[in-house]
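Have a look at the structure below before the remarks.
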Amino acid sequence: MNQHSDQHTIIALVQDRPGVLTRLASLFRRRGFNIASLAVGASEQKGLSRLTFVVTGDQYTVEQATRQLDKLVDVVKVSNITSEDVVARELALIKVRATPSNRSEILEMANLFRAKVVDVGTRSLVIETTGEEDKIDALYDLLRPFGILELMRTGRVAMVRGKTDGRVSDDVGAEFDQASRNGFAVAGARFQPGHYEGV
Amino acid sequence: MELTGAQIVCESLLQEGVDTIFGLPGGAVLPFYGALSAYPGLRHILVRHEQAAAMAADGYSRATGKVGVCSATSGPGATNLVTGLASAQMDSVPIVCITGQVPRAAIGRDAFQETDITGITLPVTKHNYLVMDVRDIAPAIKEAFYIARTGRPGPVLIDIPKDVLAGEKIEFVWPDEVDLPGYTPPGAPEPQQVAAAASLINEAQRPIIMAGHGVLISRAWDELRQLAEKAQIPVITTLLGIGALPTDHVLNLGMPGMHGMAYASLAIDRADLVVSLGARFDDRVTGRIADFAPNAKIIHCDVDPSEFNKNVIADVPVLGDLKLSLRALIPMVNSNVHLDWVQETDRLRNEHPSLFIRKSDELLPQQVLKELSDITGGDSIIVTGVGQHQMWAAQHYGYREPNSLITSGGSGAMGFEVPAALGAKVGRPDKTVWSIAGDGGFQMTLCDLATAAENNIDVKYAILNNGSLGMVRQWQDFFYEKDFFATIYSGNPDFVKLAEAYGIRGIRVTRQDEVAGAIEEAMETPGPVVVDFVVKEDEFVFPMIPAGESVNEMLEEPNSQGVGVESA
Ligand SMILES: Cc1ncc(C[n+]2csc(CCOP(=O)(O)OP(=O)(O)O)c2C)c(N)n1
């Protein structure tokens with residue numbers, strides 16, 4: 001499910017406290033981690049939200065990112081589910097230019113992708129689609145020749161698939177988390193690059 | 001009885017065992033001060049600048065092992081704390097700062113002296129709070145102290161709007177416990193990790209222990225000593241680990257790194273195992289990372305898992321409170337002698353006498369430290385600024401006790417020397433506290449000499465006055481074609497007169513034969529003293545491994561093979 005080898009999916013369970021998003025964002029900026037996407041919403045537990053991050057970077061980056069996230073007091077659990085069997089979805093709204101002559105062609109394409117037309121204007125259509133990023137990218141590419149007026153994507157939300165023992169995403173994380181906290185070594189160089197050499 | 005928010009702050013501080021607060025009031029925090037005056041158990045020391053409050057809290061904390069407390073008003077008062085917070089964060093020092101904020105209704109409206117201090121301090125605190133309800137004050141304070149002192153310690157800031165301090169009154173309830181589901185400081189280590197560490201140690205032929213600040217923070221100096229002595233492992237101490245083992249202990253090989261002892265850096269280079277105890281592989285220690293300890297496996301013991309694999313990938317990481325980790329480790333480590341290896345380190349020590357002070361007609365700064373060490377018997381608490389004098393203080397003073405060197409290591413904040421020394425002395429009135437200052441750093445915070453005078457805080461200030469920003473000047477000399485641009489202080493004040501203006505005894509020393517007398521006179525004089533040691537202007541700190549280079553590029557004192565005295 002992870003098309004880009006340098007992309008990692010991280011799930012964080014956080015306390016709903018003022019400023020918690022600022023803390024996360026500030027941490028990513030300060031440590032130089034790149035967020036490809038971020039989706040936030042309520043969790044099944046009162047007072048806790050669940051976030052899905054897609055982080056771009058090598059193994060070192062993602063390992064540091066999860067450990068640093070875990071250090072934040074408001075972060076209850078962090079899980080790197082990149083190598084897990086997950087359901088990953090994104091929702092997109094695409095406003096595409098449409099004329100009476102090509103409208104049916106666009107509708108056909110939308111159908112092909114099981115996308116829904118949620119608004120029909122005189123000169124445009126708004127198409128709603130849900131799926132993995134690749135599917136959204138593909139639909140977008142097909143619609144591009146008609147003229148895209150606006151694109152809105154939510155970013156990935158992801159969840160570990162049900163297992164017989166009923167573990168949920170955070171528990172997978174708990175295991176990873178413990179291994180990570182215990183400092184398992186990443187493959188590759190013994191020394192980390194980018195060490196500071198200035199005054 | 002119902003209490004105001006301000007009274008609840010005071011009650012909560014008492015519950016946490018606080019006895020001293022360094023601070024300076026202003027409008028937004030005034031309700032707190034209004035309450036504080038009725039709490040004689042909370043001694044407030046009025047500073048002249050809020051940076052001094054934060055740094056004094058830092059010095060107090062390191063000298064006592066307790067959480068240091070400071071307070072400031074909103075806006076500029078709070079922002080003045082930031083340099084002190086950043087330094088405490090980098091050096092893992094537990095302090096709690098209470099700041100006043102504009103009233104709730106005014107927040108977000110650019111009210112007078114409104115600053116988003118929780119936003120500003122996000123990256124320089126371990127955690128922070130904006131308390132918007134009087135009911136949240138006591139839990140926030142309890143959490144703040146818990147977070148500050150547990151795990152890897154650090155500063156916590158609590159920002160409280162004026163109307164929360166002075167508005168609604170409620171019954172004071174001190175919570176039984178903290179509710180922090182996202183915060184679990186590690187305790188005892190995993191047995192497999194300890195076993196793996198023990199077997200690496202038992203196999204090693206040329207092991208070395210690198211003791212960092214973590215040893216002092218977890219009060220594991222006895223365990224460090226037991227481990228080192230049981231297996232006869234030489235110990236190097238990072239700048240912040242100094243004092244974890246007495247300087248004169250036979251196994252103490254001194255400080256490694258940029259201005260460390262050559263033999264310490266060379267020993268790491270030759271070691272086949274580095275046992276890092278509460279150190280974080282800072283670039284000032286490792287130099288060029290790829291060349292650090294090229295022949296060694298690494299055991300990395302830390303309480304902060306994010307340190308693992310951050311700079312160096314450990315062969316065996318051991319997560320846990322260091323004292324508990326060492327207690328688990330020691331019984332599994334075999335007694336050993338490592339005779340060849342210890343002899344080799346002795347040889348390195350003889351071949352590279354890094355603490356050599358050459359003969360000179362001029363007053364050398366190293367000599368001041370050496371004589372201070374001899375006269376005080378290594379028994380003082382030394383607080384330093386940042387620069388050459390800091391490195392000489394690390395090199396030439398013989399430390400006997402844990403936490404007897406207090407310095408801004410990770411942040412390197414000049415100006416630390418004046419206020420942190422005040423905090424240390426307030427916390428440890430039984431100890432002689434010497435502040436080793438640069439004339440540069442001293443002038444950043446000297447306004448707080450008034451605080452020393454006013455409260456008769458008996459700090460002895462030794463300015464190693466080289467009339468310049470010495471360390472930067474040294475870099476210019478070595479790496480910037482001797483272009484001494486913007487590093488020479490040609491208009492320094494007369495520090496003796498300056499001291500006298502504050503009602504403090506001032507002594508000037510310009511000759512070698514005056515050093516001992518001045519030190520003794522300062523110590524015999526009750527109350528704070530300033531000694532202005534006018535030292536050779538262009539003395540260099542050696543050894544030096546230039547930034548980003550390795551031990552192979554180390555520069556040593558050119559005359560170190562000549563006649564002179566071996567120091568410390
Ligand atoms: C607040 C701050 N500003 C600038 C620096 C950069 N800096 C590092 S050492 C140094 C010179 C310090 O001069 P002084 O306090 O006189 O000590 P010396 O090196 O002469 O012993 C400077 C400017 C710093 N560390 N901290």
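Residue-level check: of (1) part of a loop (DSSP other than H, G, I, E, B); (2) open to solvent by 10 Å² or more (accessible area, probe 1.4 Å), B:Ile457 misses just (2). A single entry from B:Pro402, B:Pro429, B:Pro419 fulfils the requirement of being closer than 24 Å to B:Leu42 by Cα and within 15 Å of the chain's Cα centre (by Cα): B:Pro419. Criterion applied to B:Ile545, B:Ile519 was being open to solvent by less than 10 Å² (accessible area, probe 1.4 Å), away from the ligand (no atom under 16 Å from the Cβ) and under 26 Å from the mean Cα position of the chain (by Cα), and the one residue passing it is B:Ile519.
Each residue in region B:253-264 was checked for being open to solvent by 10 Å² or more (accessible area, probe 1.4 Å) and more than 20 Å from the chain's Cα centre (by Cα), and 1 of them qualify. Filtered by the rule that a residue be part of a loop (DSSP other than H, G, I, E, B) and either within 11 Å of the ligand (Cβ to nearest atom) or within 22 Å of the chain's Cα centre (by Cα) (or both), region B:465-498 gives B:Asn466, B:Gly467, B:Leu469, B:Ala486, B:Thr487, B:Tyr489, B:Asn492. Find the residue count for region A:13-26, including only residues that are of a type in the set (A, V, I, L, M) and within 8 Å of chain B (Cβ to nearest Cβ). Residues that pass the stated criteria total 1. Of the residues making up region B:525-554, those that are assigned to a strand (DSSP E or B) and within 15 Å of B:Arg288 (Cα to Cα) number 1. Can you say whether B:Glu401 is within 16 Å of the ligand (Cβ to nearest atom), among the acidic types (Asp, Glu) and over 29 Å from B:Arg270 (Cβ atoms), as far as the supplied structure shows? In short, no.
Considering only residues in region B:54-72 that are among the hydroxyl-bearing types (Ser, Thr, Tyr) and touching a Lys or Arg at 6+ places or on another chain (Cβ under 8 Å), the one that is surrounded by the most Cβ atoms within 10 Å (Cβ to Cβ) turns out to be B:Tyr60.
Scanning region B:387-398 for residues that are part of a loop (DSSP other than H, G, I, E, B) and crowded, with 24+ Cβ neighbours inside 10 Å yields a total of 2. Taking region B:448-464 only, how many residues are within 16 Å of the ligand (Cβ to nearest atom) and within 14 Å of B:Leu422 (Cβ to Cβ)? Count: 3.
Set side by side, the residues B:Leu245, B:Leu240, B:Leu216 differ, and just one is buried (at least 21 other Cβ atoms within 10 Å of the Cβ) and touching a Lys or Arg at 6+ places or on another chain (Cβ under 7 Å), which is B:Leu245.
Matching residues to (1) of a type in the set (A, V, I, L, M); (2) surrounded by fewer than 18 Cβ atoms within 10 Å (Cβ to Cβ); (3) more than 30 Å from B:Asp272 (Cα to Cα):
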position	(1), (2), (3)
B:Gly119	no, yes, yes
B:Asn128	no, no, yes
B:Ala140	yes, no, yes
B:Glu143	no, no, yes
B:Arg152	no, no, no
B:Ile160	yes, no, yes
B:Gly182	no, no, yes
B:Gln192	no, yes, no
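For region A:46-60, taking the residues that are in contact (Cβ under 8 Å) with a residue 24 or more places away in the chain and part of a loop (DSSP other than H, G, I, E, B), the one that is surrounded by the most Cβ atoms within 10 Å (Cβ to Cβ) is identified as A:Gly57. Criterion applied to B:Ala450, B:Ala462 was being small (Gly, Ala, Ser) and part of a helix (DSSP H, G or I), and the one residue passing it is B:Ala450. Tell me, please, whether a residue that is touching a helix residue (DSSP H, G or I) at 6+ places or on another chain (Cβ under 9 Å), away from the ligand (no atom under 16 Å from the Cβ) and within 21 Å of B:Gly438 (Cα to Cα) can be found in region B:324-342. Scanning region B:324-342 turns up no residue that is touching a helix residue (DSSP H, G or I) at 6+ places or on another chain (Cβ under 9 Å), away from the ligand (no atom under 16 Å from the Cβ) and within 21 Å of B:Gly438 (Cα to Cα). Within the option set B:Asp179, B:Asp110, B:Asp159, being within 13 Å of chain A (Cβ to nearest Cβ), within 27 Å of B:Thr83 (Cβ to Cβ) and of a type in the set (D, E, K, R) holds for one residue only, B:Asp159.
Selection of region A:29-45 for residues being among the polar types (S, T, N, Q) and in a loop (DSSP other than H, G, I, E, B) yields A:Ser43, A:Gln45. Taken together, the criteria exclude A:Thr22 from residues that are of a type in the set (Ser, Thr, Tyr), open to solvent by 30 Å² or more (accessible area, probe 1.4 Å) and under 21 Å from A:Gly131 (Cβ atoms). Within region A:153-173, is even one residue modelled with pLDDT under 55, within 30 Å of A:Lys71 (Cα to Cα) and in a helix (DSSP H, G or I)? Yes: region A:153-173 contains one or more residues that are modelled with pLDDT under 55, within 30 Å of A:Lys71 (Cα to Cα) and in a helix (DSSP H, G or I). Strands (runs of 3 or more DSSP E) fully within region B:1-92 that include at least 3 residues being within 18 Å of B:Ala144 (Cα to Cα): B:20-24, B:68-72. Taking region A:61-146 as the region of interest, the strands (runs of 3 or more DSSP E) fully inside it that hold 2 or more residues being away from chain B (no Cβ under 14 Å) are A:86-97, A:116-120, A:124-131. Against the definition (surrounded by fewer than 23 Cβ atoms within 10 Å (Cβ to Cβ), at pLDDT 95 or above and touching a helix residue (DSSP H, G or I) at 6+ places or on another chain (Cβ under 6 Å)), how does B:Ala106 come out, yes or no? It is false that B:Ala106 is surrounded by fewer than 23 Cβ atoms within 10 Å (Cβ to Cβ), at pLDDT 95 or above and touching a helix residue (DSSP H, G or I) at 6+ places or on another chain (Cβ under 6 Å).
Of the residues making up region B:411-447, those that are within 12 Å of the ligand (Cβ to nearest atom) and open to solvent by 20 Å² or more (accessible area, probe 1.4 Å) number 6. Scanning region B:474-513 for residues that are open to solvent by 30 Å² or more (accessible area, probe 1.4 Å) and in contact (Cβ under 8 Å) with a residue 60 or more places away in the chain yields B:Phe478, B:Phe479, B:Thr510, B:Arg511, B:Gln512. Cβ separations smaller than 9 Å between residues 6+ apart or across chains give the following pairs from region B:205-222 residues that are closer than 18 Å to B:Gly409 by Cα to residues that are at pLDDT below 95 and surrounded by fewer than 24 Cβ atoms within 10 Å (Cβ to Cβ): B:Gly212/B:Asp282.
The values are calculated or read from the model by the stated rules, or taken from the named source; none is laboratory data. Here the structure is a predicted model, which is why all the values come from computation and not from measurement. Note that each Cβ is placed from the backbone with ideal geometry, even for glycine, and that neighbours are counted across all protein chains shown. Ligands, DNA and RNA are stripped out before the accessible areas are found, and what is left, the full protein with its side chains, is counted by its heavy atoms. Shrake-Rupley method; radii C 1.70, N 1.55, O 1.52, S 1.80 Å.
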